[in-house]
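Participant: Please see the structure below; I have some questions.
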Amino acid sequence: MKHIIQIHLEHKTDVLREIEILSNNSLKDLHNMIKKTLKLEDNQMASFYKTNEEFELLKEIPLFKIDEKDIHMPDMSEITISSAFPKANSKLIYVYDFLKMWRFLATYSRNSMSKSKTNRIIKNIGDMPIDAPDVIFEADSKFDEESDI
């Protein structure tokens, strides 16, 4: 079986890709497909993040373990597509290049019954912009009121 994962860039213009990927592939395979279809460089760090309905970054799933002491934190190669996206509309945030902060929403849209054993791009809308969108950090108003700074 295959998952169809929709990748949507957080940006003012629409950049959307649909990737058909084997359900038993890993998140690292999805990461590589995202890089390939969006023509991203190979030399940047990236992570997937579990998220909630407000799209907050919760639990990180890094590209690889930085510290071998983190044996309880799985990396992308240890998590299958089917476990990361257990049901339709499951979502992860994908962050690529931590200096530029490209943010993508990865959503499991539907199953594919394709018999092919290869992963492929099935929809390609929009071109990657040259510059990453600005990341705007909003202050917590309660914190601002209580702050002595």
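The values are calculated or read from the model by the stated rules, or taken from the named source; none is laboratory data. Given the structure is predicted, the values throughout are model-derived calculations rather than measurements. With ideal geometry, Cβ positions are generated from the backbone for all residues, glycine too; neighbour counts draw on all protein chains shown. Keep in mind that these areas ignore ligands, DNA and RNA; they rest on the heavy atoms of the full protein, side chains included. Shrake-Rupley method; radii C 1.70, N 1.55, O 1.52, S 1.80 Å.
Participant: Could you tell me whether E60 is at pLDDT below 95, farther than 15 Å from I34 by Cβ and not in a loop (DSSP other than H, G, I, E, B)? Even if it seems obvious, please write down each step before you answer.
Facilitator: Details: at pLDDT below 95: yes; farther than 15 Å from I34 by Cβ: yes; not in a loop (DSSP other than H, G, I, E, B): yes.
Judged against the criteria, E60 is a match.
Participant: Also: Within region 116-145, take every residue that is assigned to a loop (DSSP other than H, G, I, E, B) and open to solvent by 100 Å² or more (accessible area, probe 1.4 Å) and give me the one that is modelled with the lowest pLDDT.
Facilitator: Filtering region 116-145 for residues assigned to a loop (DSSP other than H, G, I, E, B) gives 116-119, 126-140.
From what is left, the residues that are open to solvent by 100 Å² or more (accessible area, probe 1.4 Å) are 117, 127, 130-131, 134, 136-138.
Details: K117: 90, D127: 89, I130: 84, D131: 81, D134: 68, I136: 53, F137: 43, E138: 46.
The qualifying residue modelled with the lowest pLDDT is F137.
Participant: Take region 1-42 and flag every residue that is among the charged types (D, E, K, R), part of a strand (DSSP E or B) and within 11 Å of I125 (Cα to Cα).
Facilitator: Selection gives R17, E18.
Participant: Please find, within region 48-57, the residue that is farthest from I79 (Cα to Cα) out of those that are open to solvent by 10 Å² or more (accessible area, probe 1.4 Å) and either part of a strand (DSSP E or B) or touching a helix residue (DSSP H, G or I) at 6+ places or on another chain (Cβ under 6 Å) (or both). Let's see the steps before the verdict.
Facilitator: Applying the first criterion (open to solvent by 10 Å² or more (accessible area, probe 1.4 Å)) to region 48-57 yields 49-57.
From what's left, either part of a strand (DSSP E or B) or touching a helix residue (DSSP H, G or I) at 6+ places or on another chain (Cβ under 6 Å) (or both): 49-51, 57.
Details: Y49: 12, K50: 12, T51: 16, L57: 18 Å.
If we take residues in region 48-57 being open to solvent by 10 Å² or more (accessible area, probe 1.4 Å) and either part of a strand (DSSP E or B) or touching a helix residue (DSSP H, G or I) at 6+ places or on another chain (Cβ under 6 Å) (or both), then L57 is farthest from I79 (Cα to Cα).
Participant: Give the residue, chosen from M45, M76, that is open to solvent by less than 20 Å² (accessible area, probe 1.4 Å), more than 13 Å from L105 (Cβ to Cβ), out of contact with any Gly (no Cβ under 8 Å at 6 or more places or on another chain) and free of Cβ contacts under 8 Å to residues at least 60 places away in the same chain.
Facilitator: Working: M45 fails: open to solvent by less than 20 Å² (accessible area, probe 1.4 Å).
Result: M76 is the single residue among M45, M76 that is open to solvent by less than 20 Å² (accessible area, probe 1.4 Å), more than 13 Å from L105 (Cβ to Cβ), out of contact with any Gly (no Cβ under 8 Å at 6 or more places or on another chain) and free of Cβ contacts under 8 Å to residues at least 60 places away in the same chain.
Participant: Of all residues in region 1-15 being within 14 Å of the chain's Cα centre (by Cα) and at pLDDT 95 or above, which is surrounded by the most Cβ atoms within 10 Å (Cβ to Cβ)?
Facilitator: Filtering first and then ranking leaves I5.
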